[in-house]
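Visitor: Dropping a structure here in structure tokens format, bear with me for questions.
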Amino acid sequence: MTSTPPKRSWKFNGTTVKAGETADLKLKVSERYTGDPIHLPVRVIRAKKPGPAVFVSAAIHGDELNGVGIIHELMFGEPVNLRAGTLILVPVVNIFGFENQLRYMPDRRDLNRSFPGAAAGSLTGRVARVVFDTLVKRCDYGIDLHTAATGRTNFPNVRGDLTRPEVRRIAKAFGCELLVNGKGPDGSFRREAVNAGCNTIILEAGEPLKIEPGVLEVGLRGVNNVLAELGMINGELRRPAYQTRIDKSVWVRANVGGLLRFHVGPGEVVAAGQPIATNASVIGRERDVLTAPSAGVVLGMTTMPMVKPGEPVCHLAIPKAASLKRIAKTVDGLKAASLGQRLRDDLATNIAVSEREAEPASGAIDEG
């Protein structure tokens, strides 16, 4: 991957930002009913030396706020001492959903299924086109920050097309334990960005409508890791306790309606046949016990205790190459003060986890 050619000045949305300068800009994406412009806030940071151009974006889904908090830390926390290249920070992409605490755009479309967009298309399509042309086409790499959907939480994981060397490079550098391989859905920001030549990954972490301290820490560490990997800042990469590639995952779904008692938490390693949740009627009568179909790692969970048949309960990542026995030993050995353990503890506080005597397992912990 060749970096952005050396430039003394760099134009963004008609504004020239010179080498060594930082500029806070406004990107017009639409208009209000009054005809007044609607802008996205953007910060452009340029080093004096040439190097890659990288964007970091958040809130493509307007209710996903963890990424907004991560970018705020980059903006207002310890200054980013950029030694090479250009960094573009976009804390809110879906400004419409953000203002209304909603996932979608006003026309009920999903902005993250609408790229690269269309200049003469729907409201969502037009916003996508402006963001794509102004942001993606100017950058070599991208990091898009997400949370789980409403009523769910995700254990921090990086997703990207790991068959592409430069995507794999920054995905590994980011420093999450779980690397989920995939191109992404049609029309998704990261898929279309990669197709356009901008190597892009996403972080999935935590819940919507929250800024969670552990997620904030893992996201800030991850962005700095990528910048260090690309030679844009000084510093050593901070590695997770373990790291494994995920090529397969499965949702464990409710078989009956009722109230759930969870037996596992986000990031936990589970054996095949291990109880995931007990489903009971409203009057407290046990109706069903959901078990893990395979050994794996809990990638995400519902935070809603009530379910109907078929609704998702637990998203289970199933590593292929790594030994889950080794991973389980690593997780068991985490110190209480470590980021990995604090994340597990913090995310599990959003669901009531209780122990249940396991039925005879159909597979060992190191299957996968």
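Quick note: the coordinates plus some simple rules give every number you see, no bench work behind them. Since this is a predicted model, take the numbers as computed values, not measurements. A quick note on method: Cβ atoms are made from the backbone with ideal geometry, for glycine too, and the neighbour counts reach across all protein chains shown.
Visitor: Compute the acute angle (0 to 90°) between the alpha-carbon long axis of helix 213-229 and the principal axis of greatest extent of the alpha-carbon atoms of the chain; round to the nearest 10°.
Guide: Roughly 50 degrees, rounded to the nearest 10.
Visitor: To check you understand DSSP bridge types, tell me what percent of the beta bridges within the chain (both residues inside) are antiparallel, rounded to 5.
Guide: If I count the DSSP bridges inside the chain, around 65 percent turn out antiparallel.
Visitor: For the chain, what is the mean residue ellipticity at 222 nm derived from helices alone (per DSSP H run of n ≥ 4: -39500 (n - 2.57); sum divided by total residues; nearest 500 deg cm²/dmol)?
Guide: -6500 deg cm²/dmol
Visitor: Give me the Å³ per residue figure for the convex hull around the C-alpha atoms of segment 248-348.
Guide: 94
Visitor: Just want to confirm a number: the relative contact order over the chain, from Cα pairs under 8 angstrom separated by 6+ residues, in percent.
Guide: Dividing the mean separation by the residue count of the chain yields 14 percent.
Visitor: Checking a compactness column here: for the chain, what do you get for Rg(Cα) / (2.2 N^0.38 Å), N being the number of residues?
Guide: 1.03
Visitor: In degrees, nearest 10, range 0 to 90: what is the angle between the Cα axis of helix 123-134 and the longest Cα principal axis of the chain?
Guide: It works out to around 60 degrees.
Visitor: In what sequence, highest mean first, do 83-92, 41-50 appear when ranked by Cβ atoms within 10 angstrom?
Guide: 83-92, 41-50
Visitor: Right, next: Could you size up the charge dipole of the chain around its Cα centre, putting +1 on the beta carbon of Lys and Arg and -1 on that of Asp and Glu, and report it in debye to the nearest 20?
Guide: I would put it at about 1220 debye.
Visitor: What FRET efficiency comes out for the pair residue 26/residue 195, r = Cβ-Cβ distance, R0 = 41 Å, nearest 0.05?
Guide: Approximately 0.90, to the nearest 0.05.
Visitor: Do any GluC sites (Glu not before Pro) in segment 259-359 lie in a DSSP loop with no more than 10 other beta carbon atoms within 10 Å, and if so, which?
Guide: 355, 357
Visitor: Between 267, 97, 231, where does the largest GNM mean-square fluctuation fall for the chain, given springs only between Cα atoms within less than 10 Å?
Guide: 231
Visitor: How large is ³J(HN,Hα) for each residue in segment 11-23, as worked out from phi by the Karplus curve 6.51 cos²θ - 1.76 cosθ + 1.60 (θ = phi - 60°), to whole Hz, x for Gly and Pro?
Guide: Coupling constants for segment 11-23: 8, 9, 6, x, 9, 8, 10, 7, 4, x, 9, 10, 9 Hz.
Visitor: Lys and Arg at +1, Asp and Glu at -1: add these up for the other residues within a Cβ distance under 11 Å of residue 84 and post the number.
Guide: Once positives and negatives cancel, what remains is +4.
Visitor: In debye, nearest 20, what is the charge dipole magnitude of segment 248-348 about its Cα centre with +1 on Lys and Arg Cβ and -1 on Asp and Glu Cβ, if you could check?
Guide: That gives a dipole near 260 debye.
Visitor: Most mobile of 245, 190, 253 per a Gaussian network model of the chain (Cα springs, under 10 Å)?
Guide: Comparing 245, 190, 253 in a Gaussian network model of the chain, the most mobile one is 253.
Visitor: Another question about this same structure. So what's the projected area for segment 79-121, the Cα convex hull averaged over all directions, in nm²?
Guide: Approximately 4.9 nm², given one-decimal rounding.
Visitor: Any chance you could check the Cα centroid distance between segment 251-320 and segment 77-155 for me, in angstrom?
Guide: First find each Cα centre; the distance between them is then 32 Å.
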